[in-house]
Amino acid sequence: MVISDILKMFGKVDGSLILDELMDFDASDIILKSNMRIPKEIEEKILEFYEEYRSNTPIHYILGKKNFYGRDFYLEEGVLIPRFETEILIENILELKEDFSKVLDIGCGSGIISITLALELKNSHVTGVDISDRALRVSNINKKNLDATNCSFIKSDIYEALDKNQKFDLIVSNPPYITKEDMKALDDRVKKEPKMALFGGDDGLDFYRKIINNASDFLNPKGYIAFEIGYDQGKTVPDLLNTAGFKDISVIKDYNGFDRCVIARSGI
């Protein structure tokens, strides 16, 4: 087996990730050494990976990690795989230049938003909540690995386990937002991810409604709320926020020109 065989087996993107992980190859190495023979012990590991990959297991579950905002996060099956697009949400929160001393991350998953904000906002404390025990365990592993001492994770169905006397300067969430119809058309590898982290109800808005309708009980005056959204939710989510009395509502596009994030401020 030679280097170019890996790209044929796994495709260019996933094959490159494997070569980076197992042989510390970058893009130029892959081009310049495409005919290089792979050592036997590494070839055996690649064939093990391929058995999983052929069953549509996502490459990041196979590798057990995903890079997000320049940091490697531990990952395992049963927890949503971080998407590059979520970095846009982080970037736009940081661009607000606000003193977010208390942050709530709803549906923390692997902890990427909670931990990244905690590390970027050194004077903040970030609370991540999730209903999944596995997600919380993975979040705490990442917290330890990345030495994010100013964040904590608790089990909660949205606000259920939170004290109403506790107020936050920012509520952030990348909630499940895929509609019932779109769930049917998902790629087979995406279907390997937890349904509870993907399915947002018939219209994809169930979790936005629940978060928005009770946000005023947990936000400080003039506090912010920030969401990642689906490509076709750039009107519906702002409408929900407007109805709930939020102000300064802005929709941010991703690098492909699709609506990707919504940030708003409490009108109270």
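Coordinate-derived values only; no laboratory data. Note that the structure is a prediction, hence the values are computed from the model and not measured. Here the Cβ positions follow ideal geometry from the backbone for every residue, glycine too, while neighbour counts run over all protein chains shown.
List of remarks:
- Dipole of region 180-220, positive end: most advanced residue of Asn214, Gly204, Pro194 [Cβ charges, Cα centre]: Pro194
- Gyration tensor (alpha-carbon) shape descriptor, region 176-228, a/c threshold 1.5: prolate
- Here the chain carries DSSP beta bridges of which approximately 45% are antiparallel, counting only pairs with both residues inside.
- Global form of region 89-181, assessed from the alpha-carbon gyration tensor, a/c cut-off 1.5: rounded
- For region 3-55, the C-alpha radius of gyration divided by 2.2 N^0.38 Å, with N the number of residues, is 1.02.
- Prolate/oblate/rounded call for region 99-239, Cα gyration tensor, a/c under 1.5 rounded: oblate
- Note: relative contact order over region 3-55, using C-alpha pairs below 8 Å and six or more positions apart, is 38 percent.
- Amide H partners (placed H, <5 Å) of Ile229, local residues excluded: Cys261, Val262
- Efficiency of FRET from Cβ geometry, Asp217 and Glu21, R₀ 51 Å, rounded to 0.05: 0.70
- Between region 91-169 and region 1-65, the Cα center-to-center distance that results, in Å: 34 Å
- Electrostatic dipole magnitude of region 3-55 [Cβ: Lys, Arg +1; Asp, Glu -1; Cα centre; debye, to 20]: 300 debye
- When each of Val172, Val13 is scored by the number of other beta-carbon atoms lying within 10 Å, the sequence from fewest to most is Val13, Val172.
- Computed FRET value (nearest 0.05) for Val190 with Lys253, which takes r as the C-beta separation and R₀ as 25 Å: 0.65
- Cα-Cα over 32 Å, subset of Lys122/Lys191; Lys143/Lys195; Lys45/Lys144: Lys122/Lys191
- Footprinting exposure proxy for Leu104, Leu119, Leu205 (fewest neighbouring C-beta atoms within 10 Å first): Leu119, Leu205, Leu104
- Taking GluC sites (Glu not before Pro) in DSSP loop conformation with at most 10 other Cβ atoms inside 10 Å as exposed sites, the chain has its longest uninterrupted site-free stretch at 161-268.
- Dipole magnitude for the chain: computed about the Cα centre from +1 point charges on Lys and Arg Cβ and -1 point charges on Asp and Glu Cβ, it is near 420 debye.
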